[in-house]
Every structure is written in C-alpha cells, then in structure tokens.
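K.L.:
My questions will all concern the structure given below.
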There are 2 protein chains.
Amino acid sequence: MYRSHSCGELRESHIDTAVTLSGWVAKTRDKGFVVWVDLRDRYGITQLVFDADRTSAALLEQARNLGREFVIQVKGTVIERASKNANIPTGNIEVLVEDLKVLNESKTPPFTIENDTDGGEDLRMKYRYLDIRRNPVKNNLIFRSKVTMEVRKYLSEQGFIEVETPYLIKSTPEGARDFVVPSRMNEGQFYALPQSPQTFKQLLMVGGLDKYFQIVKCFRDEDLRADRQPEFTQIDCEMAFVEQEDILNAFEGLTKHLLKEIKGIDSTSFPRMTYDEAMAKYGNDKPDIRFGMDFCPLTPKGGTFGFNVFDNAALVVGITVAGCASYTRKQIDALTDWVRRPQIGANGLVWIKYTEDKTFSSSVNKFFDEAYLAHFSKQMNAKPGDLMLVMAGETNKVRAQLSALRMELASRLGLRNANEFAPLWVVDFPLLELDEETGHYHAMHHPFTSPKPGQLELLDSDPGAVRANAYDLVLNGNEIGGGSIRIHNKETQSIMFKHLGFTPEEAKAQFGFLMDAFQYGAPPHGGIAFGLDRLVAILGGQETIRDFIAFPKNNSGRDVMIDAPAPIDKEQLKELNLKLDL
Amino acid sequence: MYRSHSCGELRESHIDTAVTLSGWVAKTRDKGFVVWVDLRDRYGITQLVFDADRTSAALLEQARNLGREFVIQVKGTVIERASKNANIPTGNIEVLVEDLKVLNESKTPPFTIENDTDGGEDLRMKYRYLDIRRNPVKNNLIFRSKVTMEVRKYLSEQGFIEVETPYLIKSTPEGARDFVVPSRMNEGQFYALPQSPQTFKQLLMVGGLDKYFQIVKCFRDEDLRADRQPEFTQIDCEMAFVEQEDILNAFEGLTKHLLKEIKGIDSTSFPRMTYDEAMAKYGNDKPDIRFGMDFCPLTPKGGTFGFNVFDNAALVVGITVAGCASYTRKQIDALTDWVRRPQIGANGLVWIKYTEDKTFSSSVNKFFDEAYLAHFSKQMNAKPGDLMLVMAGETNKVRAQLSALRMELASRLGLRNANEFAPLWVVDFPLLELDEETGHYHAMHHPFTSPKPGQLELLDSDPGAVRANAYDLVLNGNEIGGGSIRIHNKETQSIMFKHLGFTPEEAKAQFGFLMDAFQYGAPPHGGIAFGLDRLVAILGGQETIRDFIAFPKNNSGRDVMIDAPAPIDKEQLKELNLKLDL
C-alpha cells in the first residue's frame, strides 16, 4: 500500500495518527537543524518535517538530498504545526517523518510546477505531463470531467440515450475539409473522420430512438485560427417528434442545470432574440448581453445629415458609453486607432461627448450644431456624462466593426464579468448565406436545416430572405450551442441540395442513404450540438479552450509533446496503396 | 406539440383523457366496420381504434389507407378496450381517434419491423435505421447506454476523473496495424488513430491525476475475424501509487457494481487463478468457470502407458463429462469428428465410459484393461454414469483442443447459462510470448508492462519464464478486461524495448516522450482496460457484439449503409500530397 491518506486530507483530528503518504517533492526548506518538505499530490500539499532532535541523522541527510519533483513515500506521525498556515486546508498539521523511500527521482523540471509558472506556452506544451501537475491545469481537467458528468446525468434523467456513432465514416466534400483515413482492406478507398455525427443522429431518429445524445470527438481539417483545434468535443443531441420550442426548452433545462450544479446560479427563462434583432441591436449573432451599449441607429433631422460621411452611408449607428464623457482626447484617439487596425478595418470613429454640465462637444462640430447633437443624444439615449461613439458605412461592415468596439470597450471597462452568466437564444437564422467570393449561397447551419414553414418557395426568388428553424445558444458573447429542426422529407431535402449546387447524382452519392431513410417513415426531428471545449472554458470563467484540453495541438495541428504527425514507414504506405506526392 | 403521451404509457387510469400520440404504424387490422392500428414508438405500442359508429367515414377511410411504418399523429380519447391484451402494458386501453395526420409516408420496409424479423444480416445492416426500430436492437442500445452511465457514475464516485485523450496521435509500427490519417498541414506526415490511449494515460499519471478513466473509441486495422470491429470502445482506466492488489480491488468493485445495478446480482469476492493454473486446469487463459469439466492429467500406472499415442505425448489430459456415459457411438463419433475439424485440428479423441453398473468401456480397450481404466477414472474423478474424453499430444495444442471441446460440450449440455455470471481474475501472465514463426519474443500484454519484482534478470537467460504484473478479468469465458502494473522507470523501460527488438534509436523515435516523462518523477502506476462492446454483450446475455453497436461494420470493414469507405476526389488527394498506388 503506497499511502494511507492523500496529501490533502490530514487535519488536526488526525494528530498522533501514523500515516503513509506518497507524492511529489514540491519544495524543500533546509534550516540546518530542521528540514521541511512540501509533499504534493492531486489532492493538496502536506508539510513533512525532519529535525535533528527527533529524526535520525541518516534520515535528515536523506531529506536534504531530495530534489524538486522527486516521488517519495513517507511513513510518519501527524503532529500539530508550530507556525500554522491558514492558506491551505492541511496548514494546521505536519507529518514528522520516520521513514522515507524515494520511489523515483526527477531531473530538474524545465519550468516551475507552481500556479504561476515561469514556463512559456511552448515549453508547457512539450512537457504537458508536468504542466498538468500545476493546479490551474489540473483543476481545469477535473472541472471538465465534472461538467460532462453533470451533462450525462441530466440528459439520462430526461430519458436521453447515449449512442456511440462511428468514427470511420464517409467523406463529404461539402462544408469544411475532412480528415481522411486510407482503407487497407478496400483498395484506393478512404474513410473520413466525422465533422459531426449529424447524419447518424438523424438516422437514429428515423430508427425511433427519439432522444439521443453523445459526448463525442469531431474533426475538422481547417487552417487553424487561434484557439481552434483539429479535434474538438461536442455534446451532440437530437430529438424526434419535436418543434423548435421543445428543443429550446429541453436544452435551456440542461444549461440551467449546469449553471446551478456547477456555478450555484439559479437562472430564470433565457431571453430570446431573432437573428435580425441581434444583428441590428449588437451587430453580432452572438451578442454579449451582460452589459448594455446597444446599437442606436442615427437618422437625420431633415432629409439628410448634411455630412457626406453619414449621408453616403447605408448605416449610421452608434453606442453610448455610460459615464465616459470625461475621456481625454488621447483616450479617444486610442479608440480610433484601435478600430482602424487592419483586424477591424474601420475608416474612423465619430465621437460626441455629452458632458456633465449638459453641453456637447464632438469630432463633427463642423457639421452639427449643439441642437443637432442633442437630437443624436436623444436617439442614443445618452445622459449627461456619457460618451457616444458613431460609425457609418456599409451595413455589415459597420455592424461588425462597432460590435468589435463594443466588446473592446466592455473589456476595458470591466463589464465582462467572468462570474456573471447571461445566456441568450438567438433564433430565426437565415437558411442560406451568400459567399461573397463565389457568389453562391451555402447553408448557414448545414444542408439538413429546414426552412420556416411556407418559405421554401422563396428559395428561387429571394434565397437570402429565407429564414430557417435554426437557433444558437449564446453565453457571454460566445456561441456555445447551435441547432435546427431538420428536413425529414426526401423532396424538400432534394430541393435543398439542388439550391446548394449539388447535382442529383452528387446528392445521391453522398447522402443517398439519408434520402433513402427519409422514405421509410422519418419522423419530424431536430437537435442541437454544444461545443464542449468552449462551454467548459466559459463556465470555468476563462476564454482559452486549450487550457481545458489535456493534450491540445498547436496552431499547426501538431502535438509537440509526442511529436505528431510524423512520417510513416514505406511499408505502411505500400500496404495502403499510397505514394507520397510532395 | 407532437404528443401529450408516449405510446407506452397510457393505462386504465387515463380512460376518458384526451391525448395526442405520434408514432409509427406497426400494424393495421381492417374488419370493415372497424379498423385497428397498432401505433409504435420507442416506449411501446398503443392500439388506436376507428369504427363506423363513432368515427367519420372520411377518417375511417384515412385509417384504411395507412401503410406499414407511416408516421402519424392522432388526437383522440382513451377508452377501455373490449378484448384486453395482457401481453403489453397498454393492453387494457385503446385510443378512439378523432383526428389523424400523416406526418410522413413510408415505402414498404424491406423486412418486417418485428422482434423476429424476416430480414437477413446484410439487409438489416443496409437499413440499420429500420433495424434499430426493432425491440431487440433498440433495447440493446438502451442497455448499452445504461451500462456506460453506471460505469461513469461508479468511477466518478470513487474519485476517478474522465479525461479525453487525443485521437490524432503518432503511429507506432509495434503491435497491431494503425489506421493513419494524412496531415495536410504537415506535408508527407501522418497522424495515427489510437489503438488505445495507453501512453497518454501513463502521462496523466506522471501528471499527477492519480485516478483516470475514459470511455473511448480505439482503432485497429486488422484483418477482421468474425465479431471484431475496426473501431471498438474501451473503458480505459489508470491509477497511480498502486500495486496490483489495489487495481484488482478497485475494478472488482466496478464489476460488482455493474452486476448489482444492471443484473440485480450480489457477488462475493471474485476467485483468482494464475495464468499457469488456468492453462493447466482449463487449457485456456480465459476459462469459463460456470461449470466444471476441469482438465485431469493422466499418468501411467508404471513407467509407461504401453500405448504409443500416450507414451509419445508431452501431455495426456482428459475431462469428465458428468452423466454422459449413455452417449451412443454416433454421439461420440460426432464429437470425434468435431475435434478433427481443421478449426480444432485434433488427431482424435479417446473416450472411456464409466457406466452406471460400474463397468468400463473405451476406445482403447486394446491397450488398457478394466483395472487400468479404473485407474484413469480415479485420476479423472469420474463417477458411474460419466463419460471421460482424453486427448494426447503436444502440450499447447492439446490444451487448446481440449479447451475447445470442453466449451462445445458445455454449450451442448446447456451449462453456459447466460443469466449466470462467473467472474474470475487470471493473474501472473507471462511477460513475453514466443512468436513461433519468427522465433522472436514479443510483449504478451504490451511493452509497458512491468515484470514481477526480481525477474528482470531472467530476461536474458529464460525470457519465456518471466512473469508480469499483468492480469485479466474473465467473465463467462470471455476476457472482459486486462491490464498491468506499468514500468515507471526509464532504465527498465529501455531494457524492455531492447528485449523486444527495438534499437535505442527506434525506442527514442517512437516512445522518447514517455521515457523523457519517466525522468521527471513518474509515480508507480498501473491500470486496466475493459472491452465495452464485449462487456455489454455478455451482461446482456448475448455473445455477438455487433448487436450492441448502433452502426457496426461488416467483416470487410465496410459500413454498408452509408457505403464507406469510398473513393475520394483527386483534389482531396492532391491537397494531402498523396497519389494512389494500385
């Protein structure tokens, strides 16, 4: 038996108990006549003590030679600590060691195993197994395990069945790029790794398993942007005999359960907003509603503004930043520079200060007098002391730019409180999205999403106007889940494929099995999928998903710890009937 | 709202309630003046009634036109059933339909959606979504979900953390063949899909997460034998600061919990047996101990048997089949033919009958007199009425052959009761196994398994004699789990790799990250992995894992429903820097 107790559980009530502990040497302090060792395991830290009076000389010497991260086993007696440490739960006791065994030595670790480490990202990733010993990473992984357990408990109690769908499936060129897997037994053929179990969960609905979920790895061979992973985890869900309302209620229930169990937060009904409202009010389909700064469109007093920049713009819109009329010129210039950065790409920023003494000053004094600025301030619900920031231009661009500014200001003003949770349903998404490069429409959600009733006809005349039975669950400005009511009818699915540019042959080759299935009594159905990595990060009050993944890949899709991907044997290639073509 | 109740929940207490049901038309019976429809969903069947007196002519006509597997929604009132059906929980009521809506039509399904279907295996796989509507398959999937939930609940309560390890890892030519995944972003390089998360779970132990589990898909590109799948699911577990005894206790606890929660069975301590004992007593390292027929070695009265077949054999061993002395010559010939089939490959079978009247007859009367046969019967613990079956030859071959015969006889005699569960730990496996073809030793479990203390030295002198800290959990003659205490020391691991034929360079290239990790304070650790597919099938009282997998592949590794694997675009190949080489 390696231990009688963990390093996190001994208390004053254990005083005089003989114990055996195992763990890592976190720290050694040598005062000559006495040596203290902090022994660490997953559960905490316990102080070990060796002293010249009560410890044999040999044992004291042994303790002195312990290096950082040595793995040791000690036997000893719990004693009261002279100078107590209120910062740790074991701080009232220490263990007077009678026997010490080194279970494994350690080279000096390449970074310190402490909450704030001196290790950079690259080093931490290469030695991820050491990084995981650090509390922040360890606690994130434990937190993730707790969240997934709560998801499973809740959904199981609601009658959902977890079904494993296959990982070796078929490649569909539509959508993001697949990872493929050459088949040795089927020459010249390939499996693909699933981007999501979408078609399989729909087939489970056809199969009558009316409440399905799965926590499942998905794969996308994309050029990685920051904080994207080639493999990621989804909470994938589907229900049959449901309308949109049933799905929203079911998964609002799940989300409330998580907020309650994980964060201790009671939530009321989640607000809902259409996609169009969200775009108009926040310039964004995943608005952070923890704070205001809603978009306020500006209209001229008469027919025109008499200011070219505004008059030539498709949209003139602003946000009111409460209490920031006192911003200095330098602060405002900094904001202007921020929106002009290539990542945002704005031409400029109009500012209007409504000062505490109820006067106005602005960057557009030349064009608008005090009364006109007062007119704007009414449109923007500004109060004395507020700063108004206005942008003008092409609608989609201005919305994106002002939305970015709104989020940036909220961060600077400390309005994005990680301990506050503001869920929001965004509904009625467009069915199709115009690809500006190709001029083609593609599915905004995926090709299996159903249009709103009666809108199928619009597909020919005004495809961009068709709204879908599609919805996103947004939490603190992040899309944490998205789904739709699916098409369950072969003809409708064929029309959709046609509009997405599939020939009937292509549709049959890729999704024939699904359209076949629709002919054998497919029930109405719909579902949702949550991005688990992101959900866990947000619930954990953080933004970086990598910190919640045990062994993440870097931005080149590499695992730098195991050094993968890597070349493979010629023999292996030959068996797969493949040649490199570099 | 598509339904107020499921098709499985209405009872007499619901009589006079207005209800809305949705489901599939399982059956229609048309008596002219009255039409009955069995409406089916996941939860059961409810009888719908339409009759000329109480139903409009139009509605009656609509009911008449319903085809099998049509998806319908009905509104109606629960009424008492005139002729009750005690076989189904809803058999006392029916629903008098007032409104019927066809939600989706169905072509005639290619096989009947009934417990005993007329569909063959191939057809059922092609239309797996229809097969899943059948109770046996549906119930298996629900059962599987229940088992995994119980595994997770139990292990979580015991402090285990579920950690997701990566799917895109590095290929290791050692062991079974990997599925590989070409990397587009890293030209000419490949990921591999994990055969198990072995090295990652060991790194988690180095990382201090001392109790890990994961229910995880694993992949093996093997030529598929019957009932093997290229992707399969493991309950993967690892613990740090443990000895073999700790692991056995922890996972005996899990197995007991499953037997209790899933099957309602209380179990006592699981018996244990060494590998050597199991081989000697059952000729098999995964013996079915639900019944006897232990192996009894035969020894001559004097120095020799005086029977060449026995005298020239390394092993003469038999089993006693209770109460089968009455077997006819024809029955015994059938057994002899059975062991002579190429799959078994025995030369023949010696039989000895110990009749109820205490006389002996045998196939070797020429060589052994009555007294000699009585001597054998003592060695074999035979009683009057028993049949003794004896085989002789090379030890390993005879053991395998007699073991197969023992299992076959047990099946024929009905001794393999699917509702009885006989778990068994088999311990002290050999560390290495001789590959008869190559003459090389390879790891019996895997290269990370530790030898028994003090046996490392034997590796040079007598590699086959080295025993490992390795154990299997056997249930009803199936290995449901296997594991070992791992090596946690770089030097020992290097010695192992050397003995397995790795050059130091190969070891470093493939497992350098693990050996590096061992230098930074790796704790003693060990673990186990359960084959979930098999475990679920056995708990479900069945032997075929395919029936417990939602979308299994066939023996060529194909998914015949979605028709995968399949050729991919030239464009896709080009992006991956690959060429077909057929």
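K.L.:
Give me the pairs, please: first residue somewhere in the stretch B:284-303 and farther than 15 Å from B:PRO271 by Cα, second residue anywhere and assigned to a loop (DSSP other than H, G, I, E, B) and among the aliphatic types (A, V, I, L, M), beta-carbon distance under 9 Å, and either six or more positions apart or on two chains.
P.N.:
From residues that are farther than 15 Å from B:PRO271 by Cα, the pairs are B:MET293/B:ALA322; B:MET293/B:LEU415; B:CYS296/B:MET380; B:CYS296/B:ALA382; B:LEU298/B:MET380.
K.L.:
Something else now. Go through the residues of the stretch A:480-502 one by one and say whether even a single one is at the interface with another protein chain (Cβ under 8 Å from one of its Cβ atoms) and small (Gly, Ala, Ser). Step through it out loud before you land on a result.
P.N.:
Let us first name the residues in the stretch A:480-502 that are at the interface with another protein chain (Cβ under 8 Å from one of its Cβ atoms), namely A:488-489.
Those still in the list that are small (Gly, Ala, Ser) too: none.
No, the stretch A:480-502 contains no residue that is at the interface with another protein chain (Cβ under 8 Å from one of its Cβ atoms) and small (Gly, Ala, Ser).
K.L.:
Looking at the structure I just gave you, is A:ASP236 part of a loop (DSSP other than H, G, I, E, B), within 19 Å of the chain's Cα centre (by Cα) and at pLDDT 95 or above? Talk me through it step by step, then tell me what you get.
P.N.:
Working: part of a loop (DSSP other than H, G, I, E, B): no; within 19 Å of the chain's Cα centre (by Cα): yes; at pLDDT 95 or above: yes.
Answer is no for this residue.
K.L.:
Would a scan of the stretch A:108-120 turn up a residue that is within 25 Å of the chain's Cα centre (by Cα) and within 21 Å of B:GLN202 (Cα to Cα)?
P.N.:
No, that holds for no residue.
Okay, residues lined up against (1) in contact with a Lys or Arg (Cβ under 8 Å, 6 or more places away or on another chain); (2) open to solvent by less than 20 Å² (accessible area, probe 1.4 Å); (3) within 14 Å of another protein chain (Cβ to nearest Cβ):
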site: A:SER13; (1), (2), (3): no, no, no
site: A:PHE33; (1), (2), (3): no, no, no
site: A:THR55; (1), (2), (3): no, yes, no
site: A:LYS101; (1), (2), (3): no, no, yes
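K.L.:
Quick test for you: out of B:ALA537, B:ALA507, B:ALA517, pick the one residue that is buried (at least 24 other Cβ atoms within 10 Å of the Cβ), of a type outside the set (Phe, Trp, Tyr) and out of contact with any Asp or Glu (no Cβ under 9 Å at 6 or more places or on another chain).
P.N.:
Working: B:ALA537 fails: out of contact with any Asp or Glu (no Cβ under 9 Å at 6 or more places or on another chain); B:ALA507 fails: buried (at least 24 other Cβ atoms within 10 Å of the Cβ).
Of the residues listed, the single one that is buried (at least 24 other Cβ atoms within 10 Å of the Cβ), of a type outside the set (Phe, Trp, Tyr) and out of contact with any Asp or Glu (no Cβ under 9 Å at 6 or more places or on another chain) is B:ALA517.
K.L.:
Next question. Tell me yes or no: at least one residue of the stretch B:1-17 is of a type in the set (A, V, I, L, M, F, W, C) and outside any loop (DSSP other than H, G, I, E, B).
P.N.:
The answer is no; no qualifying residue exists.
K.L.:
Please find, within the stretch B:203-212, the residue that is surrounded by the fewest Cβ atoms within 10 Å (Cβ to Cβ) out of those that are in contact with a strand residue (DSSP E or B) (Cβ under 9 Å, 6 or more places away or on another chain) and facing chain A (nearest Cβ under 9 Å).
P.N.:
Step one: list which residues in the stretch B:203-212 are in contact with a strand residue (DSSP E or B) (Cβ under 9 Å, 6 or more places away or on another chain), which gives B:204-206, B:208-212.
Next cut, facing chain A (nearest Cβ under 9 Å) only: B:204-206, B:208-211.
Values: B:LEU204: 27, B:MET205: 26, B:VAL206: 27, B:GLY208: 24, B:LEU209: 26, B:ASP210: 25, B:LYS211: 21.
Looking at the filtered set, the residue picked out is B:LYS211.
K.L.:
If I ask for residues that are at the interface with chain A (Cβ under 7 Å from one of its Cβ atoms) and of a type in the set (Asp, Glu), which ones from the stretch B:164-200 would you list?
P.N.:
Correct list: B:GLU164, B:GLU187.
K.L.:
Just for the stretch A:514-549: of the residues that are modelled with pLDDT of 95 or more and within 30 Å of B:ASN577 (Cβ to Cβ), which one is nearest to the other protein chains (Cβ to nearest Cβ)?
P.N.:
Among those that are modelled with pLDDT of 95 or more and within 30 Å of B:ASN577 (Cβ to Cβ), it is A:ILE549.
K.L.:
Additional query: Among (1) out of contact with any helix residue (DSSP H, G or I) (no Cβ under 8 Å at 6 or more places or on another chain); (2) assigned by TED's automatic domain parsing to the domain that holds B:ASP311; (3) open to solvent by 10 Å² or more (accessible area, probe 1.4 Å), there is one condition B:PHE376 misses while meeting the rest; what is its number?
P.N.:
Exception for B:PHE376: condition (3).
K.L.:
Can I ask one more? Filter the stretch B:266-287 for residues that are open to solvent by less than 50 Å² (accessible area, probe 1.4 Å) and farther than 20 Å from B:ASP428 by Cβ and give the result.
P.N.:
B:SER267
K.L.:
Moving to a separate point now. Residues that are of a type outside the set (D, E, K, R) and under 19 Å from the mean Cα position of the chain (by Cα): list the strands (runs of 3 or more DSSP E) wholly contained in the stretch B:135-233 that include at least 2 such residues. Please lay out each step first, then the result.
P.N.:
Details: elements: B:180-182, B:190-192, B:211-219.
Hits in the stretch B:135-233: B:211-219.
K.L.:
From the list A:ALA382, A:ALA346, which residue is touching a helix residue (DSSP H, G or I) at 6+ places or on another chain (Cβ under 6 Å), small (Gly, Ala, Ser) and open to solvent by less than 30 Å² (accessible area, probe 1.4 Å)?
P.N.:
Values: A:ALA382 fails: touching a helix residue (DSSP H, G or I) at 6+ places or on another chain (Cβ under 6 Å).
Answer to the selection: A:ALA346.
K.L.:
If I ask for residues that are open to solvent by 10 Å² or more (accessible area, probe 1.4 Å) and farther than 25 Å from B:GLY207 by Cα, which ones from the stretch B:520-532 would you list? Show your work before the answer.
P.N.:
In the first step, residues of the stretch B:520-532 are kept if they are open to solvent by 10 Å² or more (accessible area, probe 1.4 Å); the result is B:520, B:529, B:531.
The one that is open to solvent by 10 Å² or more (accessible area, probe 1.4 Å) and farther than 25 Å from B:GLY207 by Cα: B:GLY531.
K.L.:
Looking only at the stretch A:105-126, how many residues end up being open to solvent by 30 Å² or more (accessible area, probe 1.4 Å), under 24 Å from B:ASN489 (Cβ atoms) and touching a helix residue (DSSP H, G or I) at 6+ places or on another chain (Cβ under 8 Å)?
P.N.:
The number of residues fulfilling the criteria is 1.
The values are calculated or read from the model by the stated rules, or taken from the named source; none is laboratory data. These figures come from a predicted structure and were not determined experimentally. Virtual Cβ from ideal backbone geometry, glycine too; neighbours counted across all protein chains shown. Accessible surface is based on the protein model in full, side chains and every heavy atom, while ligands, DNA and RNA are left aside. Shrake-Rupley method; radii C 1.70, N 1.55, O 1.52, S 1.80 Å.
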